[in-house]
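K.L.:
Next up is a structure, given as C-alpha cells.
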Amino acid sequence: MKYFLISILISFSLCLLWAGEKQNNTFANGDFVNGTRNYLCKKCVSLVCMRKSPAYTKCPKGGVHEWTDLGECGANPYQCAKCATLVRSKKTPSYTSCPSGGVHDWKKL
C-alpha cells in the first residue's frame, strides 16, 4: 500500500511537471491544453501528461517504459480501484493495461 501511495504522489507530480514539456504548455488558464494526453507506464506506474507519447527510456522496474495512452488530460479525477492510479481526464480513461493485471476499474471521484 505504501508503494501505491508513493507512486500516486510521484505520478501526479510528473503529470504536472513532466520534464519533456514546458510547464506553461501543460496548462492554459487553469485548464489542460487541447491535445495533451495521459500516458501510464504499466511497469512502474509513472503517469505523465504530454502532447505526444513519451520516450521509451529506461524504466526503474527494468527494461524500458511500457506506455499506455489513457486519453485526453482534463479536470475530472478518476482513480483505478485495482492499481490506485489517480488521473485527471476529460472523460473516463482507457481501461486497457492495468499494472495490477487485466483492465482498469476506474471510479470518478
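Please treat every number below as a calculation from the coordinates, not as lab data. Since the model is a prediction, treat every value here as computed from it, not as a measurement. We place every Cβ from the backbone using ideal geometry, glycine too, and count neighbours over all the protein chains shown.
K.L.:
Taking the Cβ-Cβ separation of ARG51 and VAL103 as r and a Förster radius of 30 Å, what is the calculated FRET efficiency to the nearest 0.05?
P.N.:
Efficiency, from the Cβ-Cβ distance: 0.70.
K.L.:
For LEU70, enumerate residues with amide H under 5 Å from its amide H, sequence gap 5+ or separate chain, H modeled in the peptide plane.
P.N.:
ASN38, TYR39, LEU40
K.L.:
Which order do peptides 92-102, 77-87, 51-61 fall in by mean Cβ count within 10 Å, highest first?
P.N.:
Answer by packing, highest mean first, reads 77-87, 92-102, 51-61.
K.L.:
Follow-up. Going down the table (LYS61/LYS90; LYS42/LYS107; LYS52/LYS90), which pairs top 27 Å between alpha carbons?
P.N.:
LYS61/LYS90
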